[in-house]
1. Kindly put 160, 183, 73 in sequence by how many other C-beta atoms sit within 10 Å of each C-beta, fewest to most.
2. Based only on other Cβ atoms within 10 Å, what is the fewest-to-most ordering of 20, 209?
3. Pop a pseudo-label 7 angstrom from the Cα along the beta-carbon direction at both residue 210 and residue 70 and give the gap in nm to one decimal.
4. Order of 207, 44 from fewest to most other C-beta atoms within 10 Å?
5. Could you work out how far apart the two model spin labels at residue 47 and residue 154 are, taking each label as a point 7 Å from the Cα in the direction of the beta carbon, and quote it in nm?
């Protein structure tokens, strides 16, 4: 299954595509942090399914998938960056571990209580029940998400980078490019070539060659 998720972004930092001073990036999020890689190395955006495990592979190697007849190695970027691994189902979904459902409970109790007090009409009770049901279903939908895969080519081989979500294709001025700040996580610095400061957040540019170089393990991985 392949899911195209690329769109053009709108920002004061993003100019018209085609300028010689611009560079395009595919962006994605991991643990709430925005990352980007050059669009020229991206081959596909997909929802990885039926990931087959690879015996004795390092923890960063999630397994492999069949992409249009080619065997593609799936790299868990979360683990590579020293973050906690997420368990996913066969169809690429993962469970979001948060308290959203618990937070919604008081609201549902208020709705139910309001229905009991409004005994003058049966319609009020039915409306309250419908509202409560819709709220629960909405929370359930939010608590399940698909992990996304960004497929890149490296040394004539294909790799799918497993990420939390895929964002936009953005064009940024090369003049805005900065080196890695000293406050950047030491493990992330191992794989980051620099950063862009956008309007509301920092975008970390990942060096895919270093990310896929398993001969040089990152410091302080702690996975």
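1. Exposure proxy ranking, most exposed first: 183, 73, 160.
2. Fewest-to-most ranking of 20, 209: 20, 209.
3. 2.6
4. Sorted ascending by nearby Cβ count, the order is 207, 44.
5. So the label points at residue 47 and residue 154 sit 2.6 nm apart.
Just so you know, all these numbers are worked out from the coordinates, no wet-lab data involved. Computed from a predicted structure; not experimentally measured. For neighbour counting, all protein chains shown are included, and Cβ atoms are generated from backbone atoms with ideal geometry for every residue, glycine included.
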